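Trainee: Questions regarding the structure given below will be posed in turn.
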Amino acid sequence: MSESSSRASLYLTTLSSSLVAFGFLARTEYAVQFLSVVIPVVFLLGLFTYERLVETSLEDVAALESIQRIRGVYATVLPGAAKYFPRPDGPHGPNEMLPIGRRASWIGVFFTTATAISVVNAIVGGAGVAILTVQLSGEPTPSILAGVATAVLLAVLLGLYQEHRYGALRRSLRTTPPTVT
């Protein structure tokens, strides 16, 4: 959790600092040049941050699953021990393992830190496309539409990617045989 929080904070701090710096340059002749350098850097940092947030989330889910398997072994050691080592699917532990990363529905992809970062980063990417398009064409309306379309497309693609990764983990956890001896 610490790494995820640090990475998300680093990305958002970099983005915020860039926006503040742009605010100082907005009415100067250097504004577009500044954005042409900063937006790709912030966007790449956002992609790297997003990927690592997905990875750490998957690692957490896999570790939690392993802990649950260990608890399953401990629950069989002595008669009555099961009440001290509840399973999420058993009578004693509905909250022991929340369905983080194991939701049956794709809706769960909306409730992760990785998704929050990916949506913000998609907006950064869309803004970059809009600025580039307006610089090339000089037309603001098509540029705004191109930026919005890019942001939506990036958000959807990153959400699909994250759901794909969670799906692969779910399949892996279902096919991993228990190591109880």
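The values are calculated or read from the model by the stated rules, or taken from the named source; none is laboratory data. Everything quoted here is computed from the prediction, not taken from an experiment. Note that we place each Cβ from the backbone using ideal geometry, even for glycine, and neighbour counts take in every protein chain shown. All accessible areas refer to the heavy atoms of the entire protein, side chains included, with ligands and DNA or RNA removed. Shrake-Rupley method; radii C 1.70, N 1.55, O 1.52, S 1.80 Å.
Trainee: Examine segment 71-86 for a residue that is in a loop (DSSP other than H, G, I, E, B), modelled with pLDDT under 80 and open to solvent by less than 90 Å² (accessible area, probe 1.4 Å), and state whether such a residue exists.
Mentor: Checking segment 71-86: at least one residue is in a loop (DSSP other than H, G, I, E, B), modelled with pLDDT under 80 and open to solvent by less than 90 Å² (accessible area, probe 1.4 Å).
Trainee: Looking at (1) of a type outside the set (S, T, N, Q); (2) open to solvent by 40 Å² or more (accessible area, probe 1.4 Å); (3) modelled with pLDDT under 95; (4) part of a helix (DSSP H, G or I), which one does Gly159 not meet, given that it meets all the others?
Mentor: (2)
Trainee: A follow-up question, please. Mind counting the residues in segment 24-44 that are farther than 22 Å from Ala122 by Cβ and either surrounded by 12 or more Cβ atoms within 10 Å (Cβ to Cβ) or not basic (Lys, Arg) (or both)?
Mentor: Going residue by residue through segment 24-44, those that are farther than 22 Å from Ala122 by Cβ are 24-31, 33.
Of the ones still in play, those that are also either surrounded by 12 or more Cβ atoms within 10 Å (Cβ to Cβ) or not basic (Lys, Arg) (or both) are 24-26, 28-31, 33.
So the answer is 8.
Trainee: Further, regarding this structure: Answer yes or no as to whether Glu51 is at pLDDT below 80, surrounded by 14 or more Cβ atoms within 10 Å (Cβ to Cβ) and among the acidic types (Asp, Glu).
Mentor: Values: at pLDDT below 80: no; surrounded by 14 or more Cβ atoms within 10 Å (Cβ to Cβ): yes; among the acidic types (Asp, Glu): yes.
Criteria not met by Glu51.
Trainee: Against the condition within 19 Å of Thr115 (Cα to Cα) and open to solvent by less than 50 Å² (accessible area, probe 1.4 Å), how does Ala8 come out, does it pass?
Mentor: Spelling it out, Ala8 is indeed within 19 Å of Thr115 (Cα to Cα) and open to solvent by less than 50 Å² (accessible area, probe 1.4 Å).
Trainee: Only residues that are under 20 Å from the mean Cα position of the chain (by Cα) and not hydrophobic (A, V, I, L, M, F, W, C): list them for segment 124-164, please.
Mentor: Correct list: Gly125, Gly126, Thr150, Gly159, Tyr161, Gln162, Glu163, His164.
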